Each structure stands twice: as structure tokens, then as C-alpha cells.
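Single-structure report; data block below.
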Amino acid sequence: KEILPSDIRMKMLELSIANNPFFITSDIEIKREGNTYTYETLEELKQLYPNAELFFLVGADCLFTIEKWYQPQRIFNNCTLLAANRNDVPIQELSEKKQFLEDKFQAKVVLLDVPQMDISSTRVRKNIKNHKSIRYMVNDKVHDYILQNNLYQEVD
């Protein structure tokens, strides 16, 4: 898969949160050499912000794979996992998996009930390649940046 250079991805992130004082960007994963693991990022954030409570937001489908991630216990030791149901996984299955993770890893897991939106990075890239609109799928500044810089477009 085509992955844009980190400076471009960072710029889009900065544009997307520019008007929200509650968000900041971090380049700690960009600066890290080699593979980047979630547990390392969380541990580094804990060192940088020792009094902060960290929350890791994932799609609820990740609840079914996170125990196979590298060092899952260290992930759960350093954050509260917020799981947003984005794929219409039945609430009973989510609740059972939540309980399993809490019991096995002493995890803190919160299931979020969020509005369903058919938006994904894959869909954004596909729309651009097919010359379809991405308006309302991304922030207006990010939309303009992508189009002005011809990002994600097939080269003929």
C-alpha cells in the first residue's frame, strides 16, 4: 500500500486539529527508528506526561485482535482503551470481549456508542483515485491540502 511520507501525514494531522485546543500532535513515532509498537508510544507518553491519564481510541473491531498485538499487557497497563463501534459488531459480543480483556489483562475498557459514519482512510484514498468527492469526509483544510498537492492520485 502507498504510504505518504511522515512529514505530509503530520501536516494533514496538524491541519485537521488546528482549531481544537484540546488536541496536540506528536512526532514521537516518526522520530523512532525501526518498528513502532503501541506499548512503546504509550510508555513514552507516560514519561512525558506523568500526571496524565492516557486514553487509546480504537475501532471496536480491535478488541478482537489487540491481545495478539506486541506486548498487550503493557498497552493495558498504560491506558484506558476506548473502543468505538464502527462496524456494527453486536453489543453482546463487544461486552463479552470487554469482560474477557478486563479479566485477563486487568484492562480498563470503555465501549463508546458513536454515530455510524462510512468514512475510512481507505475510502478517502479510493474516492480520490476515482475522482470522487471527499468533501465532508475530511476537514476542509485537509481536503484542500490533499487536492492542492495531488495526494493519493494515480500517476498515468
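Report, by residue number, each residue of the range 1-20 that is assigned to a loop (DSSP other than H, G, I, E, B) and surrounded by 12 or more Cβ atoms within 10 Å (Cβ to Cβ). Spell out how you get there, then give the answer.
Step one: filter the range 1-20 for residues assigned to a loop (DSSP other than H, G, I, E, B), giving 1-5, 18-20.
Those that are assigned to a loop (DSSP other than H, G, I, E, B) and surrounded by 12 or more Cβ atoms within 10 Å (Cβ to Cβ): 4, 18.
Listed residues 133, 120; which is over 28 Å from residue 49 (Cα atoms), surrounded by fewer than 12 Cβ atoms within 10 Å (Cβ to Cβ) and among the small types (Gly, Ala, Ser)? Can you show your working first?
Values: 120 fails: surrounded by fewer than 12 Cβ atoms within 10 Å (Cβ to Cβ).
None of the other options fit; the residue is 133.
Going residue by residue through the range 102-113, is there one that turns out to be open to solvent by less than 30 Å² (accessible area, probe 1.4 Å), over 30 Å from residue 43 (Cβ atoms), assigned to a helix (DSSP H, G or I) and out of contact with any Cys (no Cβ under 8 Å at 6 or more places or on another chain)?
No, there is no match, as no residue in the range 102-113 is open to solvent by less than 30 Å² (accessible area, probe 1.4 Å), over 30 Å from residue 43 (Cβ atoms), assigned to a helix (DSSP H, G or I) and out of contact with any Cys (no Cβ under 8 Å at 6 or more places or on another chain).
Return the pair list, or none, for Cβ contacts closer than 8 Å from residues in the range 21-36 that are open to solvent by 70 Å² or more (accessible area, probe 1.4 Å) to residues that are assigned to a loop (DSSP other than H, G, I, E, B), at least 6 apart or on different chains.
Listed by first residue and then by second, the contacts come to 29/36.
So if I check each of 82, 147, which one is open to solvent by 30 Å² or more (accessible area, probe 1.4 Å), in a helix (DSSP H, G or I) and aliphatic (A, V, I, L, M)?
Working: 82 fails: in a helix (DSSP H, G or I).
Exactly one residue qualifies, and that residue is 147.
Which residue pairs have Cβ atoms under 7 Å apart, sit 6 or more places apart or on different chains, and have a first residue in the range 52-67 that is assigned to a strand (DSSP E or B) and a second that is of a type in the set (Ser, Thr, Tyr) and surrounded by 13 or more Cβ atoms within 10 Å (Cβ to Cβ)?
Hits for this filter: 55/80.
Taking the conditions exactly as written (among the small types (Gly, Ala, Ser) and crowded, with 17+ Cβ neighbours inside 10 Å), does residue 52 satisfy them or not?
Against the criterion (among the small types (Gly, Ala, Ser) and crowded, with 17+ Cβ neighbours inside 10 Å), residue 52 does not qualify.
Within the range 67-90, is even one residue of a type in the set (Ser, Thr, Tyr) and either in contact with a Cys (Cβ under 7 Å, 6 or more places away or on another chain) or within 15 Å of residue 110 (Cβ to Cβ) (or both)? It would help to see each step written out before you state the result.
Let us first name the residues in the range 67-90 that are of a type in the set (Ser, Thr, Tyr), namely 70, 80.
Still in the running and either in contact with a Cys (Cβ under 7 Å, 6 or more places away or on another chain) or within 15 Å of residue 110 (Cβ to Cβ) (or both): 80.
Scanning the range 67-90 turns up at least one residue that is of a type in the set (Ser, Thr, Tyr) and either in contact with a Cys (Cβ under 7 Å, 6 or more places away or on another chain) or within 15 Å of residue 110 (Cβ to Cβ) (or both).
Here's a check for you: in the range 3-62, which residue that is β-branched (Val, Ile, Thr) and over 30 Å from residue 95 (Cα atoms) is modelled with the lowest pLDDT? First the steps, then the outcome.
Taking the range 3-62 as the starting set, the residues that turn out to be β-branched (Val, Ile, Thr) are 3, 8, 17, 24-25, 28, 30, 36, 38, 41, 58.
Narrowing further to those that are over 30 Å from residue 95 (Cα atoms): 3, 8, 17, 24-25, 28, 30.
Numbers: 3: 80, 8: 94, 17: 95, 24: 89, 25: 93, 28: 93, 30: 91.
Taking the candidates together, the pick is 3.
The values are calculated or read from the model by the stated rules, or taken from the named source; none is laboratory data. Predicted, not measured: the structure shown is a model, and the values here were computed from it. Neighbour counts run over all protein chains shown; Cβ positions are idealised from the backbone, glycine included. The area values use the complete protein model at the heavy-atom level, side chains included, leaving out ligands, DNA and RNA. Shrake-Rupley method; radii C 1.70, N 1.55, O 1.52, S 1.80 Å.
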